[in-house]
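See below for the structure under consideration.
None of the figures in this text is laboratory data; all of them are computed from the coordinates on show. Computed from a predicted structure; not experimentally measured. Here the Cβ positions follow ideal geometry from the backbone for every residue, glycine too, while neighbour counts run over all protein chains shown.
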Amino acid sequence: MPDIRDYEPLFSGWKVGKRLGAGAFGEVYEVFRESLGMTQHAVVKRIAIEDPQLLERVKTEIWTMLQMKGAPHIVGIEEFAVENWKRDSGQDILIRMELLTSLESVIKRGAMQTSEVIKLGVHICRMLELCEKNDIIHRDIKPANLFVSQYGDYKLGDFGIARTLDVQGKASSRAGTIDFMAPEIFKSGKYDLRA
């Protein structure tokens with residue numbers, strides 16, 4: 001698997017900064033671009049693909065996020081690219097998104113004010129309303145997938161295991177993080193809008 005810096009400059013002039021973290025399916029890097037004497041910052045999620053089934057999941061994630069581009073309280077995806085590996089038969093999917101602060105890092109700084117916790121709750125409800133309007137079940141609402149903008153708006157990211165509802169209003173499988181799953185998932189094994 002190539003180093004992400006082998007693809008520099010990414011997109012239209014972006015350079016790779018520090019690695020911000022990694023999840024089950026990808027890594028996240030801070031990226032920057034200098035133009036007109038200014039420096040812009042963003043993040044790039046890199047997902048290594050060797051399995052066609054994972055490629056389908058990534059395509060679903062990109063499509064889901066593009067459907068909600070510009071929606072408040074949803075992480076904004078800016079662009080994406082496919083980079084084929086030169087030595088092996090895999091590829092990297094690169095997704096450039098807005099740079100935000102993770103809720104986990106906010107929590108680590110110390111206790112949140114009551115007013116901020118209420119604001120977070122209201123914003124999570126708005127996130128879920130947006131998903132419902134688009135017939136999307138996120139299936140992994142947890143602190144690691146919640147972010148805050150520089151203006152204090154909370155946003156939902158990581159739609160990697162999100163699913164659209166079928167005609168019966170259900171999304172199959174128990175995918176998600178067990179500690180954060182709705183209890184009815186363990187009974188029925190399927191997500192619906194209640195979850």
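Pick from A71, A42: which is in contact with a helix residue (DSSP H, G or I) (Cβ under 6 Å, 6 or more places away or on another chain) and within 21 Å of V148 (Cα to Cα)?
A71
Take the residues in the stretch 1-20 that are touching a residue at least 40 places away in the same chain (Cβ under 8 Å) and in a strand (DSSP E or B); name whichever of them is nearest to R57 (Cα to Cα).
Looking at residues that are touching a residue at least 40 places away in the same chain (Cβ under 8 Å) and in a strand (DSSP E or B), I get L10.
Take the residues in the stretch 88-112 that are touching a residue at least 40 places away in the same chain (Cβ under 8 Å) and not in a strand (DSSP E or B); name whichever of them is nearest to E61 (Cα to Cα).
Per the stated criteria, the residue is E98.
How many residues does the stretch 68-79 contain that are in a strand (DSSP E or B), surrounded by 20 or more Cβ atoms within 10 Å (Cβ to Cβ) and touching a residue at least 24 places away in the same chain (Cβ under 8 Å)?
Residues meeting the conditions: 1.
Is there a residue in the stretch 49-60 that is in a strand (DSSP E or B) and touching a residue at least 40 places away in the same chain (Cβ under 8 Å)?
yes
Please verify whether the stretch 14-26 includes one or more residues that are surrounded by fewer than 18 Cβ atoms within 10 Å (Cβ to Cβ) and β-branched (V, I, T).
Among the residues of the stretch 14-26, not one is surrounded by fewer than 18 Cβ atoms within 10 Å (Cβ to Cβ) and β-branched (V, I, T), which makes the answer no.
Out of (1) part of a strand (DSSP E or B); (2) free of Cβ contacts under 8 Å to residues at least 60 places away in the same chain, what's the single condition that is false for E30?
(2) is the only condition that E30 fails.
If I ask for residues that are closer than 23 Å to K59 by Cβ and outside any helix (DSSP H, G or I), which ones from the stretch 113-137 would you list?
Listed by number, the residues that qualify are N134, D135, I136, I137.
Go through (1) without any contact (Cβ under 8 Å) to a residue 40 or more places away in the chain; (2) touching an Asp or Glu at 6+ places or on another chain (Cβ under 8 Å); (3) on the phi > 0 side of the Ramachandran plot and name the single condition V82 misses.
Answer for V82: the failing condition is (3).
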